[in-house]
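Engineer: I have a structure here, written as structure tokens, and I will follow up with some questions on it.
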Amino acid sequence: SQTIHQWPATLVQPVGSPLSLECTVEGTSNPNLYWYRQAAGRGLQLLFYSVGIGQISSEVPQNLSASRPQDRQFILSSKKLLLSDSGFYLCAFSGGGRGQPQHFGDGTRLSIL
Amino acid sequence: QKEVEQDPGPLSVPEGAIVSLNCTYSNSAFQYFMWYRQYSRKGPELLMYTYSSGNKEDGRFTAQVDKSSKYISLFIRDSQPSDSATYLCAPSQGGSEKLVFGKGTKLTVNP
């Protein structure tokens, strides 16, 4: 079966520190991969998506970057965190076919102090 | 006009009630329609997945799509306290890798 793992579940970081969130998918090959941020009252905001290794599309200009070093691994990074980077970060994957639904990990709750 | 509009609620119902959750959308190119359920502090979980207009039933859940009105609904029969969650609609064009999410409706089912 297809599963998605995302860690850590909770993270508290000081302003100006770096960030690395990791997501891995099992049970499927060449998935589409996504990073979202969910803020209270604002819904899900798509940050990045990837249709293959090394192929990253950015949806929102910001302090974050994404990389896909392996087929089923997706990493969200920042060199210097801002207070506004606080939020609930979700990784998701979908099959490569037309109209395939996305499946989400359990998210990382990031607090910036 | 936003691409997807969803009443945020909150919606509170007694156990056993029939619940109706709704979204409207503006993009006539949407062909695939998904409903997600999200419990507090968890990721969204795919609940229903439909293509084009019509109804789809899965146990106590029924998803309904009316493309002519650009209106999508999720009905929950015999609601249970375990149904208490936020429900998000998410239409897609298919061909595009992206979903467009509604902001979610928070539902509480009271025992």
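The values are calculated or read from the model by the stated rules, or taken from the named source; none is laboratory data. This structure is a prediction, so every number in the text was calculated from the model and none was measured. For neighbour counting, all protein chains shown are included, and Cβ atoms are generated from backbone atoms with ideal geometry for every residue, glycine included. Ligands, DNA and RNA are excluded from the accessible area calculation, which covers all protein heavy atoms including side chains. Shrake-Rupley method; radii C 1.70, N 1.55, O 1.52, S 1.80 Å.
Engineer: To check my understanding: the extent here is largest minus smallest coordinate of the Cα atoms along each principal axis. What are those three numbers for region A:57-113, in Å, largest first?
Structural biologist: 40, 21, 20 Å, listed from the longest principal axis down.
Engineer: With every protein chain left in place, what is the accessible area per residue of the protein assembly as shown in square angstrom, probe 1.4 Å?
Structural biologist: Each residue of the protein assembly as shown exposes 47 Å² on average to a 1.4 Å probe.
Engineer: Once fully extended, how much extra length lies between B:E3 and B:K42, figured as 0.36 nm per residue of separation less the alpha-carbon to alpha-carbon distance?
Structural biologist: Details: separation 39, 0.36 × 39 = 14.04 nm, distance 2.49 nm.
Taking B:E3 through B:K42 to full extension adds about 11.5 nm, to one decimal.
Engineer: Mind jotting down the three principal axis lengths of region B:27-111 based on Cα atoms? Whole angstrom, largest first.
Structural biologist: Taking max minus min along each principal axis of the Cα atoms, region B:27-111 gives 41, 25, 18 Å.
Engineer: Let me ask something else. Using a cut-off of under 13 Å, list every residue of region A:3-31 whose amide N is near the label point 7 Å from the Cα of A:V51 along the Cα-to-beta-carbon line.
Structural biologist: Only A:31 pass the distance filter.
Engineer: Once you average over the residues of A:44-50, how many Cβ atoms of partner chains fall within 10 Å of each Cβ? Before the final figure, lay out the partial values.
Structural biologist: Values: counts 11, 1, 5, 0, 0, 2, 1.
Partner Cβ neighbours, averaged per residue: 3.
Engineer: Between region B:1-68 and region A:53-113, what is the separation of their alpha carbon centroids in Å?
Structural biologist: Centre-to-centre (Cα) distance: 24 Å.
Engineer: While we're here: Roughly how big is region A:55-113's charge dipole about its Cα centre, with Cβ charges of +1 (Lys, Arg) and -1 (Asp, Glu), in debye to the nearest 20?
Structural biologist: 100 debye
Engineer: In addition: Average partner chain C-beta neighbours within 10 Å, per residue of A:93-101? Don't jump to the answer; show the numbers that get you there.
Structural biologist: Details: counts 0, 4, 0, 1, 1, 9, 14, 5, 12.
Across the residues of A:93-101, the mean count of other-chain Cβ atoms within 10 Å is 5.
Engineer: Here's something else I'd like to know. Quantify how strongly other chains surround peptide B:41-50 by giving the mean number of their Cβ atoms within 10 Å of each of its Cβ atoms.
Structural biologist: On the way: counts 6, 6, 14, 10, 3, 4, 1, 1, 3, 0.
What the average comes to for B:41-50 is 5.
Engineer: Here is a follow-up. Please identify the longest segment of chain A free of exposed trypsin sites (Lys or Arg not before Pro), where exposed means a DSSP state other than H, G, I, E or B and no more than 15 other Cβ atoms within 10 Å.
Structural biologist: Longest site-free region, per DSSP loop and neighbour criteria: A:1-41.
Engineer: All other residues with a Cβ under 15 Å from the Cβ of A:Q6 taken together, and with Lys, Arg as +1 and Asp, Glu as -1, what is their net charge?
Structural biologist: +2
Engineer: Scan around B:Q31 for amide H atoms under 5 Å from its own, H built in the peptide plane at 1.01 Å from N, and keep only partners 5 or more places away or cross-chain.
Structural biologist: B:S92, B:Q93, B:G94
Engineer: Please go through the residue pairs B:K67/B:K106; B:K2/B:K103; B:K2/B:K98; B:K2/B:K67; B:K70/B:K103 and name each one whose alpha carbons sit more than 20 Å apart in this structure.
Structural biologist: Numbers: B:K67/B:K106 24 Å; B:K2/B:K103 11 Å; B:K2/B:K98 16 Å; B:K2/B:K67 17 Å; B:K70/B:K103 17 Å.
Long pairs (Cα-Cα over 20 Å): B:K67/B:K106.
Engineer: Right, something else. Ignoring ligands, DNA and RNA, please state the percent of accessible area on chain A from carbon and sulfur, probe 1.4 Å.
Structural biologist: Accessible surface attributable to carbon and sulfur in chain A totals 50 percent.
Engineer: Using the Karplus curve 6.51 cos²θ - 1.76 cosθ + 1.60 with θ = phi - 60°, what ³J(HN,Hα) values do you get for each residue of region A:29-36, in whole Hz, with x for Gly and Pro?
Structural biologist: 10, 6, x, 7, 10, 9, 10, 10
Engineer: From the C-alpha gyration tensor of the protein assembly as shown, pull out the three semi-axes of the equivalent ellipsoid (sqrt of 5λ each), sorted largest to smallest, in whole Å.
Structural biologist: Sorted largest first and rounded, they come to 30, 21, 16 Å.
Engineer: Show me B:28-40, B:52-64 ranked by packing, highest mean number of other Cβ atoms within 10 Å first.
Structural biologist: Ranked by mean Cβ neighbours within 10 Å, highest first: B:28-40, B:52-64.
Engineer: With label points built 7 Å along Cα→Cβ from the Cα atoms of B:S82 and B:D58, find their separation and express it in nm.
Structural biologist: A separation of 1.5 nm, rounded to one decimal place.
Engineer: Can you compute the radius of gyration and Dmax for chain A, using only the Cα atoms, both in Å?
Structural biologist: 13.5, 42
Engineer: Quick check: residue separation of A:S29 and A:V15 times 0.36 nm, minus the Cα distance between them. What number comes out in nm?
Structural biologist: Length difference between fully extended and current span is 1.4 nm.
Engineer: May I ask for the accessible area buried between chains A and B, both sides summed, probe 1.4 Å, to the nearest 100 Å²?
Structural biologist: Values: alone 6150 and 6200 Å², together 10550 Å².
For A against B, buried area totals roughly 1800 Å².
Engineer: Once the dipole of the protein assembly as shown is set up with Lys and Arg at +1 and Asp and Glu at -1 on Cβ about the Cα centre, which of A:P14, B:N110, B:G94 lies farthest towards its positive end?
Structural biologist: Sorting the options by dipole projection puts first A:P14.
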